[in-house]
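Derivation of every value follows stated rules applied to the coordinates shown; laboratory data play no part. Bear in mind the structure is a predicted one, so any value in this text is a computation, not a measurement. Here the Cβ positions follow ideal geometry from the backbone for every residue, glycine too, while neighbour counts run over all protein chains shown.
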Amino acid sequence: MKIIKFLVILILLVSCSEREKHPYTFYYWKTKLSLDNEEKKALDKTTVPILYTRFFDINKVNGRFQPLAVITKDESFETDKQIVPTVFITNQTFVNISGEEIHFLAESIHHLIDKKSKEYKLKTNHEIQIDCDWTAGTRDDYFAFLKELHKISGKDIDCTLRLHQVKDKAIMGIPPVKKSIPDVLLHLFSFGNI
């Protein structure tokens with residue numbers, strides 16, 4: 001009986017203790033940089049001084065690299081957060097890509113990020129994030145691209161990982177970056193109001 005009482009008291013103490021607060025921030029994945037009052041309030045409450053911001057997508061169409069849905073900025077957009085430019089690249093972009101094309105792609109992405117950051121006077125930090133659902137067949141070229149982008153931009157490169165890439169890391173490989181997002185952040189996707 002004493003053991004049961006002890007366990008009940010222990011459970012109550014543990015469940016009533018203050019919960020650990022984890023650092024968090026948001027991804028801004030819209031094409032137009034614009035925050036309404038509710039979004040500004042939510043962003044101000046975040047505990048990490050950065051905002052991951054999708055700048056554009058890249059796809060290969062008829063053998064040419066195409067930036068898609070490049071960000072625009074509303075005049076009212078303001079934040080004290082440092083912006084981490086994030087670029088989504090389709091896996092198809094890395095199918096049958098040459099070394100020269102890898103260099104061209106890295107250079108083009110760096111220049112477009114730099115152009116948009118200056119044009120919109122965004123306070124970017126020292127990193128670029130790449131989001132790509134690479135496969136075992138595109139892994140080596142994707143990893144070569146990550147290295148080339150780092151070399152060209154002089155910035156830290158990080159990337160997102162899908163759960164299947166983590167699960168099959170022997171086949172998928174480990175990206176040559178300082179950090180990859182499942183080690184650091186949990187992506188929560190929302191398609192509406194939370």
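Can you sort His150, His103 from fewest to most other Cβ atoms within 10 Å of each residue's own Cβ? Mind showing how you got there, number by number?
Values: His150 19, His103 16.
Starting with the residue having the fewest Cβ neighbours, the order is His103, His150.
Please compute the length gained on full extension between Tyr120 and Ser108, using 0.36 nm multiplied by the number of residues separating them and subtracting their Cα-Cα distance. Numbers along the way, then the final one.
Working: separation 12, 0.36 × 12 = 4.32 nm, distance 1.82 nm.
Difference between extended and current length: 2.5 nm.
Can you tell me what share of the DSSP beta bridges in region 21-184 is antiparallel? A percent to the nearest 5 is fine.
Working: 5 of 27 bridges.
Rounded to the nearest five, the antiparallel share is 20 percent.
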